[in-house]
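Working notes, structure below.
The values are calculated or read from the model by the stated rules, or taken from the named source; none is laboratory data. Computed from a predicted model, the values in this text were never measured in an experiment. FYI the Cβ positions are ideal-geometry reconstructions off the backbone, even for glycines, and counts take in every protein chain you see. Areas reflect the complete protein model, heavy atoms only, side chains present, ligands, DNA and RNA absent. Shrake-Rupley method; radii C 1.70, N 1.55, O 1.52, S 1.80 Å.
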Amino acid sequence: MRELKVSPEELKNIIDNGKTLGKGFFGTVFTYKDKLIKLDNSLYNLLKINDPILAREVVEDHYKFPDQREDFNNRDQIEYLSGMQKNIKLTKLPEGIVTLKDVNSKINGISPGIIIPYHMNHQKLEKLSKKDYQKVLIILKNLLLAVRELADNRIAQEDLIEANSKNKHKYNVMYKDTTPQIIDLSGDLVAEGDYFINAKEMYKQLGSIIFDFADETNIKRVDLSSFEENKELLEEFERKIAK
């Protein structure tokens, strides 16, 4: 697992020189060289708006109470996932953690963020036109294979469809050409290793994504929970668009 050790001043500089790409409920994602960093939202916001000379004070004040001195992500999870990359060919997993250095001993080594791959020139899956049936079908078939590979390696991304989205689904999937890329592979909604029970929820959400793109073909919506069921759904989708 990669570890990027930074002082408060270095972390402030990295933030100021990076480009913010997105914000979630817990973390902000921004560019760092050819990678991305996902950082604790509140710490990111505090460092972003304050002068560099206050960086150390900001960081130490952020962690001043004992119950705040926790890693942003479970480092055991990140270590497991990064170590599994050798077995995973279709999905890029988190690469490492960011840790604090040159601070007081109470917070030295705390991790406020993680290092993740930068999927440059990729688009969010929800941007894909439903009318481009052949491209949709190829991407969804490849996504099914990527999901199976994760499941076979005891990893479940149980947030393929973002839980906070309302009327229109958003997905934690990107694509480039006809190759999908599952993203946001860390946190409480990712089960890995000994915490992996089964892949039913991941396959269920994959089925919902397929139904979203097949909604104009009048395929009846049902809950799916396996590779075989999703494969059969895609085959039915393919028959429908061939007519």
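Total residues in the range 222-243 satisfying the condition of being open to solvent by less than 40 Å² (accessible area, probe 1.4 Å) and either in a loop (DSSP other than H, G, I, E, B) or more than 17 Å from residue 156 (Cα to Cα) (or both): the figure is 6. When residues in the range 173-221 are screened for being open to solvent by 70 Å² or more (accessible area, probe 1.4 Å), over 18 Å from residue 142 (Cα atoms) and among the hydroxyl-bearing types (Ser, Thr, Tyr), 1 of them pass. Scanning the range 17-57 for residues that are aromatic (Phe, Trp, Tyr) and open to solvent by less than 50 Å² (accessible area, probe 1.4 Å) yields a count of 3.
How many of the residues in the range 56-80 are at pLDDT 95 or above and assigned to a helix (DSSP H, G or I)? Of the residues in that region, 13 qualify.
Here is a yes/no grid of residues against (1) assigned to a loop (DSSP other than H, G, I, E, B); (2) without any contact (Cβ under 8 Å) to a residue 12 or more places away in the chain; (3) within 22 Å of residue 20 (Cα to Cα):
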{"residue": "39", "(1), (2), (3)": "no, no, yes"}
{"residue": "48", "(1), (2), (3)": "no, no, yes"}
{"residue": "54", "(1), (2), (3)": "no, yes, yes"}
{"residue": "82", "(1), (2), (3)": "no, no, no"}
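Here residue 159 fulfils each of the conditions (1) in a helix (DSSP H, G or I); (2) under 13 Å from the mean Cα position of the chain (by Cα) apart from (1).
All of 97, 107, 88, 78 fail the test of being open to solvent by less than 30 Å² (accessible area, probe 1.4 Å) and touching a Phe, Trp or Tyr at 6+ places or on another chain (Cβ under 8 Å), apart from 107. In this structure, residue 151 qualifies as crowded, with 16+ Cβ neighbours inside 10 Å, of a type in the set (A, V, I, L, M, F, W, C) and out of contact with any Leu (no Cβ under 8 Å at 6 or more places or on another chain). Every listed requirement among (1) at pLDDT 95 or above; (2) outside any helix (DSSP H, G or I); (3) not aliphatic (A, V, I, L, M) is met by residue 105 save one, (1). Scanning the range 111-138 for residues being in contact with a Leu (Cβ under 9 Å, 6 or more places away or on another chain), under 28 Å from residue 32 (Cβ atoms) and either open to solvent by 70 Å² or more (accessible area, probe 1.4 Å) or outside any strand (DSSP E or B) (or both) gives a total of 5.
Check the range 103-126 and report whether any residue there is under 16 Å from the mean Cα position of the chain (by Cα), aromatic (Phe, Trp, Tyr) and over 20 Å from residue 231 (Cα atoms). Within the range 103-126, one or more residues are under 16 Å from the mean Cα position of the chain (by Cα), aromatic (Phe, Trp, Tyr) and over 20 Å from residue 231 (Cα atoms).
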